[in-house]
Amino acid sequence: MSDFHYDVDSDGVAVITWDAPDKSMNTLTREAMELVDGFLDKALADEAVKGIVITSGKKDFAGGMDLNVLARIREESGDQPAQALFDFTMNGHRVLRKLERAGLDPKTNKGGKPVACAIPGTSAGIGTEIALACHRRFMADAPKARIGLPEIMVGLFPGAGGTTRYSRMVGAMAASPVLLEGKMMDPKAARSASLVDEVVAPDELMAKAKEWVLSAKDADIVKPWDQKGWKMPGGAPYHPQGFMTFVGASAMVNGKTQGVYPAAKALLSAVYEGALVPFDTALRIEARYFVGVLMNPSSSAMIRSLFLNKTALEKGANRPEAPDQTVRKVGVLGAGMMGAGIAYVSANAGIDVVLIDQKQEAADTGKAHAEGILDKGIKRKKVTEEKKAEVLGRINATTEYEALSDCDLIVEAVFEDTGVKAEVTKAALAKAPSDVIFATNTSTLPITELAKAADTPDQFIGIHFFSPVDKMNLVEIIKGRQTGDRAVAKALDFVRQIRKTPIVVNDARFFYANRCIIPYINEGVRMVKEGVTPALIENAAKQVGMPLGPLQLVDETSIELGVKIAKATRAAMGDAYPDEAVDEVLFWMADEGRLGRKSNAGFYAYDEAGKRVELWPGLAERYAPLDDQPAVTDVQHRLLFAQVLEAVRALEDGVLEDIREGDVGAILGWGFAPWSGGPFGWLDILGAQRAVDLCDGLAAAHGPRFTAPDLLREMARKGETFYGRFGTGQDAAAA
Ligand code: NAD
């Protein structure tokens, strides 16, 4: 069985069908590219063949490049990985250029065979790049079909000619949202964006594509850039209009990425330089930049975390052996902010929901939250009225615990209070089936303690969602000391059903995500107390790739919550509590009534409409700015090490069992500088020895919280990396 099939129909149309065996989605491998090459030769040489249609034998067209292939090429290339990747990329260009020229005479541009692409469903990455090399693209108007070039999302850019072709088709400006934001579009939006030419009914797809192939003339198949006098739409860089475009785009890219994402910069350079030279040279330039990005440790780390490891976790890499635990009916206790969100995502995934609160009114408000999200979707034409009715029809909002009698999973999301949670747990378990799995969404209370309210602690587990539930993709699953395998499998199967990404960690204070994010906030607040200018703190954080500075983050999550957590932590830790300096600032802010965004006043000032206006000037009056401000990198190192050392300690303590979860969880959970691939990815880029040296300097200057963990010192001594020591073979290869 091979990835592509070749048939010639009675009208003389050669159909090349992509249908990778044993895969639900076509992804391109090295061998498959060779196959396409051979079929093209065959079709072009066969006089009986009048034209070619490339299509897929599956519901969708293609998911992109098999990124494991790139890792393997590097692995096998010895000490010349860049050359091997360049040769591989140029070979791809050769094949797609052959497809695009389709036998046209180089001088007369005559005598070629038309090639259409018939796209039955979703197409991403190299699938779309193959389509762009064809002469005409037909896409089926299938409800869930999306097409785009999302490479930028994993730290790459379209490197199979897509960057050069698409920017030459529509101009640099119009190409920006597709190339730089990696947007996936529905068929109609794709037609507006010129990614496809025609959107047709699914059952007419092949007929329309063949019809076009049989009627196309030479003039229809010569790409604009292969015609005399071609000019880049919107102007090449030295054209006055093009000049404006490139200056603007460059500013926009740097503004958005803060310069930390090599792929965005390289993409722009490839478009800029490519626009100045003939097409084939432009492809060579694209290939150079593409390989430069592939060789950049940031890109490898992003591919590893955001593609390979994320996918592995979603497919159940850490699922214990247990029969299928697909959830049929979930009970959600507490219809507040979190409970309502959990009810919505469950119902949206086709799971029946019982949503319980103390009063019917509260339960109804929770259900109304789901309605609100669905209404927004309808406004944006993403949801239909039927879908809304269907989803809402699955949510039974009630005060009656009897309704839990046929639930196979219960998720508790009532107030963060051990007593209230215990009471609710007992009341629910009294009515639920004896084999129900019971999960708590607590963010701070130990799971093992809460499990005491259940007679069957092996069926008790933590499923920690992040807010807002419908937007945040990470779910942290926490095993209490007695949690059994079936409970873990149930939680993982549930997370798979609602299409989120799970990590599984062991029970300890603040689990994993909050454990790392709290020191980040605290370090920022501590710097305010020291007299570091708040703008320096915030900008240093953003320039190192954090989505929110620590002060903005605490405003968003609420300073009141910060005070509450600080008090509870101090009570638990006693004399060992290290954050007095932080508390002084936070408690003072709370006393001043500056509780964060919810009170329209915090580290930032807000206008009446709740818009963030500026850093609150009152801070400088109380905490006079130092005459000598620290260097930006010092501030960045403090902010990053505050987080990553906690991640290393979580690994040392056994809270984290798998560094892949540590990295994926950090990026998806709190936006840890995605360019780094996560805390462990970043430490591997730095190298253990350099990390230890930096820690020693920080500890001497700022205190023992920066002391390098023993594990890191040991790794520095042995010259080890995290992915070398704790990763799977595949991780190490991608690094
Ligand atoms: P919330 O105050 O918005 O909602 C709690 C809901 O529980 C309220 O509707 C309340 O009426 C209901 N409730 C209280 N006692 C009840 C009882 N005895 N029976 C039935 N319902 C009862 O709180 P929230 O922000 O949704 O948080 C809920 C849980 O989720 C907490 O454990 C919290 O720590 C956790 N959590 C919160 C966040 C967050 O960002 N807010 C994130 C992760 C986890």
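We did not get these values from a lab; they are worked out from the coordinates using the rules stated. Computed from a predicted structure; not experimentally measured. Virtual Cβ from ideal backbone geometry, glycine too; neighbours counted across all protein chains shown.
Here the peptides 151-158, 413-420 are ranked by packing, the mean other Cβ count within 10 Å, and the order with the highest first is 151-158, 413-420. Each peptide in 70-78, 101-109 was scored by the mean count of other Cβ atoms within 10 Å over its residues; highest first, the order is 70-78, 101-109.
Mind jotting down the distance between the C-alpha centroids of segment 283-318 and segment 70-99, whole Å? Rounded to whole Å, the Cα centres lie 15 Å apart. Show which lysines lie in cross-link reach of Lys529 when reach means a straight Cα distance below 18 angstrom and same-chain residues fewer than eight apart are skipped. Excluding near neighbours in sequence, the set is empty.
Using the Cβ-Cβ distance between Thr108 and Lys23 with R0 = 41 Å, the FRET efficiency computed as 1/(1 + (r/R0)^6) comes to roughly 0.45.
When only Cα pairs below 8 angstrom with a gap of at least 6 residues are kept, the chain shows a relative contact order of 9 percent.
Scoring 301-309, 50-58 by mean Cβ neighbours within 10 Å over their residues and listing the highest first yields 301-309, 50-58. Positive-end ranking of Thr456, Ala601, Ala701 along the dipole of the chain, with charges on Cβ about the Cα centre, is headed by Ala601. Using a Cα-Cα cut-off of under 15 Å, which aspartates and glutamates could be cross-linked to Lys598, ignoring same-chain neighbours fewer than 8 residues away? Reachable aspartates and glutamates: Asp555, Glu556, Glu560, Asp607, Glu608.
Pairwise Cα distances in segment 329-509 exceed 20 Å in 48 percent of cases.
Dipole of the chain computed with +1 at Lys/Arg Cβ and -1 at Asp/Glu Cβ about the Cα centre; of Ile373, Gly549, Gly248, farthest Cα towards the positive end is Gly248.
Taking other C-beta atoms within 10 angstrom as a stand-in for reagent exposure, Lys500, Lys228 fall in the order Lys228, Lys500, fewest first. For the chain, the list of Cys residues with no other Cys C-beta under 4.7 Å reads Cys407, Cys516, Cys695. Of Lys59/Lys376; Lys367/Lys387; Lys98/Lys265; Lys50/Lys113; Lys23/Lys59; Lys23/Lys210, which pairs sit farther than 18 Å apart, going by alpha carbon to alpha carbon? Violating the 18 Å Cα-Cα cut-off are Lys59/Lys376; Lys98/Lys265; Lys23/Lys210.
One chain, two ends: Val277 and Ala48. Fully extended at 0.36 nm per residue, the span grows by 78.7 nm beyond their Cα-Cα distance.
The long axis of helix 513-530 is offset from the longest Cα principal axis of the chain by roughly 70 degrees. Partner aspartates and glutamates whose Cα lies under 18 Å from the Cα of Lys228, excluding those fewer than 8 positions away in the same chain, are identified as Glu100, Asp105, Asp218, Asp220, Asp280.
Within the chain, antiparallel bridges make up roughly 25 percent of the DSSP beta bridges whose residues both belong there. When you restrict to C-alpha pairs under 8 Å that are six or more residues apart and normalise by the size of segment 579-690, the relative contact order lands at 11 percent. For segment 181-247, which chymotrypsin sites (Phe, Trp or Tyr not before Pro) are in a loop by DSSP, counting at most 12 other Cβ atoms within 10 Å? Passing both the DSSP loop test and the Cβ count: Tyr238. For segment 214-273 versus segment 399-466, the inter-centroid distance based on Cα atoms is 56 Å. The charge dipole of the chain, taken about its Cα centre with unit charges on the Cβ atoms of Lys, Arg (+1), Asp and Glu (-1) only, comes to about 1800 debye. The fewest-to-most ranking of Val200, Val13 by surrounding Cβ atoms within 10 Å reads Val200, Val13. Residues whose amide H comes within less than 5 Å of that of Val411, counting only those at least five positions distant or on another chain, are Gly331, Val332, Leu333, Ala439 (H built at 1.01 Å from N in the peptide plane). Among the GluC sites (Glu not before Pro) within segment 304-374, which fall in a DSSP loop and have no more than 13 other Cβ atoms within 10 Å of their own Cβ? When the GluC sites (Glu not before Pro) of segment 304-374 are filtered for loop state and at most 13 Cβ neighbours within 10 Å, Glu321 remain.
Against the compact-protein benchmark of 2.2 N^0.38 Å, the Cα-based radius of gyration of the chain scales to 1.04.
So, in Å, what gap is there between the alpha-carbon centers of segment 639-696 and segment 327-377? For segment 639-696 versus segment 327-377, the Cα centre distance is 35 Å. Legend: ranking of residues Phe672, Phe466 from fewest to most surrounding C-beta atoms inside 10 Å; resulting order Phe466, Phe672.
Only helices enter the 222 nm calculation for the chain: every DSSP H run of n ≥ 4 contributes -39,500 (n - 2.57), and dividing by all residues gives -15500 deg cm²/dmol, rounded to 500.
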